[in-house]
Each structure stands twice: as structure tokens, then as C-alpha cells.
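Structure first, then comments.
The values are calculated or read from the model by the stated rules, or taken from the named source; none is laboratory data. Remember, predicted model here, so these are calculated numbers, not experimental data. Glycine gets a Cβ as well: all are built from the backbone with ideal geometry, and neighbour counts include every protein chain shown. Accessible surface is based on the protein model in full, side chains and every heavy atom, while ligands, DNA and RNA are left aside. Shrake-Rupley method; radii C 1.70, N 1.55, O 1.52, S 1.80 Å.
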Amino acid sequence: MLEKIDALLVEVQNFQSSAKDEIEQFRIRFNGKKGVLNDFYEFLKQVPNEQKKDAGQKINTLKQAVNGKLEELKTSSESSLILEKEDLTRPAFPLELGSRHPINLVKNKIIDIFKSIGFAVADGPEIEDDWHNFTALNLPEYHPARDMQDTFFIEQNPDVLLRTHTSSVQIRYMENNEPPMRILAPGRVFRNEAVSSRSHCIFHQIEGLYIDENVSFADLKQTIQFFTTELFGKSKIRMRPSYFPFTEPSAEVDVYWGLNSETDYRITKGTGWLEIMGCGMVDPAVLKNVNIDSDRFSGYAFGMGIERIVMLLYQMSDIRMFFENDIRMLEQFKTL
Ligand code: DAH
């Protein structure tokens, strides 16, 4: 009986098929209830004890060969099934494209507008020291204006903190470059404030700085007017006197949004005017802090929050949406 095994092993090894019914017949012939292997197990019961070990091993070799072959046939018949079903000439599935975050969409728009009139993009760290975030900007320790910009401290005495505005980049840039300079500094800023639908402890600003000989307030006004016309299609602006320690004089800029719809009434509180940025002529004390000759050079600076502009442009009502990264919100910006 056992002498049949060698021939059976050859038969198993040589068997090839991808037809389901042929494979099933093969399985039944070897592994079925009345199959070859069960015959051998029956036979094994009668084998004298001293020969049982050798016989068992031989039968086991056959069993392993059968199971190995069945496994091999299974995978090859699966892949041939795929080949039958799939049309390999069909074009590939399109790649899913992501979308830009609305903050970046608007940030890039603003950068493009200022780039077209000669501004370059500058960058600075989000973790700042006291000098660049406050003191050099004419906000010395104990200055009351610091109260409006409480932040998160990483170390104290000397202070290392999360920057409260992008104005710190003004200082870093002026320290390392010579006038004339014309830069835009976009970035993330932080304030120790309660989070609500209108304010957040993290938000984004864009800072502008222009230093040269004979820069005037009229230059500032015209640049801002160009900007509002490009971004909103609105050229009517007004500048209200304001206070910032690093500019003198300082102003707040309002755009005339109009009162054409109910939304206009709501977002402008019935006035038609919308505040969009702070600005002013760089204070000579700031120029002195960065060793720029304030008798020869003057300049203007401005700073605006990006979130509020995004909310305005896309009629979004809750600032927290920007940081939740809900796909349902982000997907709406795919085509922009
Ligand atoms: N840094 C100011 C803030 O965060 C905004 C600002 C106002 C920036 C006037 C300026 C400026 O450059 O000239 O509230």
C-alpha cells in the first residue's frame, strides 16, 4: 500500500488547473471522506506498532503535499477570477485631491495682491522673546497696552512666550535688513482669551511693513485702498484715529461694505462700515530700537486678522470651525 505514495506525490505535484470543478474533484479524490488520505489512515490502523512511525511519516508527506497544492490552486484561481472580471484597459480611478484650508486660500489671495506691488514675504518664529513681541515695539514692561495682549508663557524672567501678533516679525526683519524694505508677514498668533464663536486663543494675522525715504501717510492710505479694491471690490475706506504703541499716528481702517442686504446690516451693525485692520506710521522710537536712522527713513505698518476676513468672504459664522478641521467644511473649498 505504502509503495503507492511516491506515484501519488508525483500526481499531486503535477496537477494543474484553474477550473473550479476540476479543483473540487481533486480535493474530493484526496481529502474527501472516501478519499485517498482516509484510505491510508484506515490502513495505518493495521500497521504493526514498530512500523507505525515510518508509515505515519510517509502518509503525512502526502497530506502536506495535497494541502499545499490546494492552497496554491486556491490563490491562482482567485487571481484568475480577478483577471476574468476586471477590465485592465479601464483608466485608473482618479486621485482624490485635497482642498486648501480657507485661511490659506485667503492668505494667499492677500499675499498675491501685495506681491503685485512689490512686497516680499517674511517669516518669524511663533515662540518669541519679550524684546521682539513687546519691548522693541515700544511696549515696555508695565505698559498698560500689554494687558490687551495676554498670552501663554513658556518661560518667565526672562520671558519666552507665544507671540501675540505678527508685529514681532517687523522687528526681526528690520534688525537683519537695511531699508528700503517692503514686507508682508503672515502667520499664527496666540492670545490668552476665552474661545467663543467670534474669538479664539489661536488665530492668524498678516503684517505689512514699508520703510524707505519719504514714506508718507498718503502712501499708506493709497496702498490700503488698492488692497481693499482688489480683495473685496470696494474702494471706499475711512481711517479712524486710534492708538498702537508702535505707530504714530495710528489708525483703524474701515471698508464701506454697504447696506444692500439684511446680512450687510447684521455684519456692519447697521452702519455699512466694517473694521478690517490697524495701521499707522512706524514710531521713530521703534526705528531707533532696530538702529534705523529715523531722520532719514520713515515708514508705515499695518496688521490684520485673517479669520475675520475669511468669515466675511465666505459667510462663516463660527471661528471655531477653522480649527476643528471637519471634512464636511473643508470639502466645500475644493473648487476654489
Ligand atoms: N499688532 C496689532 C494687533 O495685533 C495690529 C497692528 C496695528 C499692526 C497697527 C500694525 C499696526 O503693524 O501698524 O492688534
Residues in segment 193-215 that are more than 14 Å from the ligand (Cβ to nearest atom) and either open to solvent by 80 Å² or more (accessible area, probe 1.4 Å) or within 19 Å of LYS288 (Cβ to Cβ) (or both): how many?
-> 5
Is there any pair linking a residue in segment 268-287 that is outside the structural domain of GLY305 (by TED's automatic domain parsing) to one that is in a helix (DSSP H, G or I) and buried (at least 16 other Cβ atoms within 10 Å of the Cβ), with Cβ under 8 Å and at least six apart or on different chains, and which?
-> none
List pairs: first in segment 240-261 and free of Cβ contacts under 8 Å to residues at least 12 places away in the same chain, second more than 9 Å from the ligand (Cβ to nearest atom) and not β-branched (Val, Ile, Thr), Cβ under 7 Å, 6+ apart or cross-chain?
-> PRO241/PRO249
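If you take the residues of segment 249-272 that are hydrophobic (A, V, I, L, M, F, W, C) and open to solvent by 50 Å² or more (accessible area, probe 1.4 Å), which of them is nearest to the chain's Cα centre (by Cα)? Reasoning before the result, please.
Restricting attention to segment 249-272, the residues satisfying the condition of being hydrophobic (A, V, I, L, M, F, W, C) are 251, 253, 255, 257, 259, 267.
Next, from what is left, pick out any that are open to solvent by 50 Å² or more (accessible area, probe 1.4 Å): 259, 267.
Working: LEU259: 36, ILE267: 29 Å.
My answer is ILE267.
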Filtering segment 303-331 down to residues that are touching a residue at least 12 places away in the same chain (Cβ under 8 Å), of a type outside the set (D, E, K, R) and touching a Ser or Thr at 6+ places or on another chain (Cβ under 8 Å) yields GLY303, GLN315, SER317, ILE319, LEU330
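Residue check: is ARG182 open to solvent by 10 Å² or more (accessible area, probe 1.4 Å), basic (Lys, Arg) and within 14 Å of the ligand (Cβ to nearest atom)?
Answer is yes for this residue.
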Of the conditions (1) within 27 Å of PRO245 (Cα to Cα); (2) within 18 Å of the chain's Cα centre (by Cα); (3) surrounded by fewer than 14 Cβ atoms within 10 Å (Cβ to Cβ), TYR142 fails just one. Which one is it?
-> (2)
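Of all the helices (runs of 4 or more DSSP H) wholly in segment 1-99, which have at least 1 residues that are in contact (Cβ under 8 Å) with a residue 40 or more places away in the chain and surrounded by 15 or more Cβ atoms within 10 Å (Cβ to Cβ)?
5-14, 20-31, 49-85
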Residue selected from segment 147-175 under the condition assigned to a helix (DSSP H, G or I) and open to solvent by 40 Å² or more (accessible area, probe 1.4 Å), by the criterion nearest to the ligand (Cβ to nearest atom) = MET148
Per the list (1) free of Cβ contacts under 8 Å to residues at least 40 places away in the same chain; (2) more than 24 Å from the chain's Cα centre (by Cα), residue check on LEU220 breaks on (1)
Which of the residues spanning segment 229-246 are surrounded by fewer than 22 Cβ atoms within 10 Å (Cβ to Cβ) and either of a type in the set (S, T, N, Q) or within 12 Å of the ligand (Cβ to nearest atom) (or both)?
-> THR229, SER235, MET239, SER242, TYR243, PRO245
Subset of segment 235-264 (residues that are at pLDDT 95 or above and of a type in the set (Val, Ile, Thr)) | ILE237, THR247, VAL253, VAL255
